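The values are calculated or read from the model by the stated rules, or taken from the named source; none is laboratory data. Because the structure is a prediction, the values reported are computed rather than measured. Here the Cβ positions follow ideal geometry from the backbone for every residue, glycine too, while neighbour counts run over all protein chains shown.
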Amino acid sequence: MPAIPRVSRERWILAGLEALVEAGPSAVRVETLASRLGVTKGGFYGYFDNRDALMDAMLEVWERRSTDDAIAIAEAEGRDVRETMHLAGALTFSVDLLPIDLAVRAWARHDPAVAERLRRVDNVRIEFLRAMFRTYIADDAEIEARSTLAFATAIGQHFMAADHGAYTKDEAVDLAAALVLRPSLPD
């Protein structure tokens, strides 16, 4: 009988995140993931006590990648503050992380513990924006307004279905980002 391949802890987590994105938290089932990975479910229990432990590990990976890792990479690039904010946003809502972020937001609407985790992640993100804006803006109200607008644009653009006249949605979002990030707003 051929040996059943061993799957890493990280691969279980990635398979869980893929299932979450595809069909929500109810799709994250040990049996289904084992089948997807081509292994028996026995290997799962070498890494996780139960499904809840996997779900928590999935959230930990998403949180780390979309906050600490994204911010560290953006800050390490040595760019100016506006480029650092733009890069952090691009990394946070990259093609890999955006679907997970949206799936977590949907999950959070029905699970108070996930909602609290999402609040923590969003607080890290908006505090990063505040810190960046503080480097070139003195007014606390303007810092808060710009941070809120930048964050709302980053999240909200994925839910907009509006037409943007002569602009594509991406062009309109780029215009909004340029306005929010510029050195000073007109009086």
Any chance Leu54 is in a helix (DSSP H, G or I), within 22 Å of Arg120 (Cβ to Cβ) and in the same structural domain as Val121 (by TED's automatic domain parsing): no
Residue within segment 112-125 that is at pLDDT below 95, in contact with a helix residue (DSSP H, G or I) (Cβ under 8 Å, 6 or more places away or on another chain) and surrounded by 13 or more Cβ atoms within 10 Å (Cβ to Cβ) present: no
Qualifying residue in segment 47-69 (condition: within 28 Å of Thr135 (Cα to Cα) and β-branched (Val, Ile, Thr)): yes
Some residue of segment 83-94 being under 18 Å from Ala154 (Cα atoms), part of a helix (DSSP H, G or I) and of a type in the set (Ser, Thr, Tyr): yes
Close pairs (6 angstrom Cβ cut-off, 6 or more residues apart or separate chains): under 13 Å from Arg9 (Cα atoms) in segment 31-57, of a type in the set (Gly, Ala, Ser) and surrounded by 14 or more Cβ atoms within 10 Å (Cβ to Cβ) anywhere: Leu33/Ala15; Leu37/Ala15; Lys41/Ala34; Leu54/Gly16
Odd one out for Trp12 among (1) among the aromatic types (Phe, Trp, Tyr); (2) surrounded by 15 or more Cβ atoms within 10 Å (Cβ to Cβ); (3) at pLDDT below 95: (3)
One residue from Glu18, Glu63, Glu83 being surrounded by 13 or more Cβ atoms within 10 Å (Cβ to Cβ) and modelled with pLDDT under 95: Glu83
Qualifying residue in segment 119-140 (condition: aromatic (Phe, Trp, Tyr) and either within 28 Å of Leu20 (Cβ to Cβ) or free of Cβ contacts under 8 Å to residues at least 12 places away in the same chain (or both)): yes
Condition check for Thr40: over 17 Å from the mean Cα position of the chain (by Cα), more than 27 Å from Thr153 (Cβ to Cβ), surrounded by 14 or more Cβ atoms within 10 Å (Cβ to Cβ) and not assigned by TED's automatic domain parsing to the domain that holds Phe133: no
Among the candidates Thr153, Thr168, residue that is farther than 18 Å from Arg64 by Cα, under 20 Å from the mean Cα position of the chain (by Cα) and outside the structural domain of Ala19 (by TED's automatic domain parsing): Thr153
Within segment 74-89, tally of residues that are without any contact (Cβ under 8 Å) to a residue 40 or more places away in the chain and closer than 19 Å to Arg130 by Cβ: 6
Residue within segment 152-175 that is closer than 18 Å to Ala131 by Cβ and of a type in the set (D, E, K, R) present: no
